[in-house]
1. State the extension gain, in nm to one decimal, for the chain segment bounded by Gln19 and Thr76, taking 0.36 nm per residue of separation less the distance between their alpha-carbons.
2. Between His66 and Arg97, what length in nm is gained on full extension when 0.36 nm per residue of separation is reduced by their alpha carbon distance?
Amino acid sequence: MQTTSLVDSWNAELAEARQGNPAAVGRLFERYRNYLMLLARWQIGRRLQRKVDEADVVQETFLEAHRSLSRFRGQTEPELVAWLREILSLRLAMQMRHYFGTQRRDVDREQEWAMELEQSSLMLNRAFVASGTSPSQGASRREQAVVLADALAQLSEPHRQVLMMRHLESLSFPEIAQRMERSVDAVEKLWARALIQLRRFLPSEGHQPLKTNEPSS
């Protein structure tokens, strides 16, 4: 089955990466660039007022993950995703300390960031993806939030923005209209078109974004 082959391919790539093959490490981490970029962009916009480039933070995350790969004990993609997300939260916390002049580590704050990143990832699943598979079938697939992030990365910036504001920030259409400096009607139409575009980039089996007939608010 295709899902089995995907898992086998992922397991083989992880095993090769653990053996120290730089190309395998690069291929493995590259799978999660869009996902980490999306989470980093969300947190940077909220916390750092765009003082930091999310691409730089994600690259630092990959470098740290490369150095620490021997300490990763997980065997599944969800475990690897959670591990990368934890490293990302630490890199973001370091940027916070740098820009706000705090030298001491704040473990509580770091844990808060880690939890927020996890919640953001869960919100991606809940907001856009409705999977009717059983847990055993779902376990043989890629992480849905990662698949969604890859699809969002292929959208135009306005389409991506309206979806993120509507479904990750939970903003109303009037709030989005004010932020995007558009009319409410234009934002509602932009949102509907964005969902149609998103469907084109999502795998058809088991991944269905929200319906476009959601009442406006």
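Taken together, the values in this text are just the output of simple stated rules run on the coordinates, not laboratory data. Bear in mind that the values here come from a model prediction, so they are computed numbers and not experimental data.
1. Fully extending the segment from Gln19 to Thr76 adds 18.8 nm.
2. Length difference between fully extended and current span is 8.8 nm.
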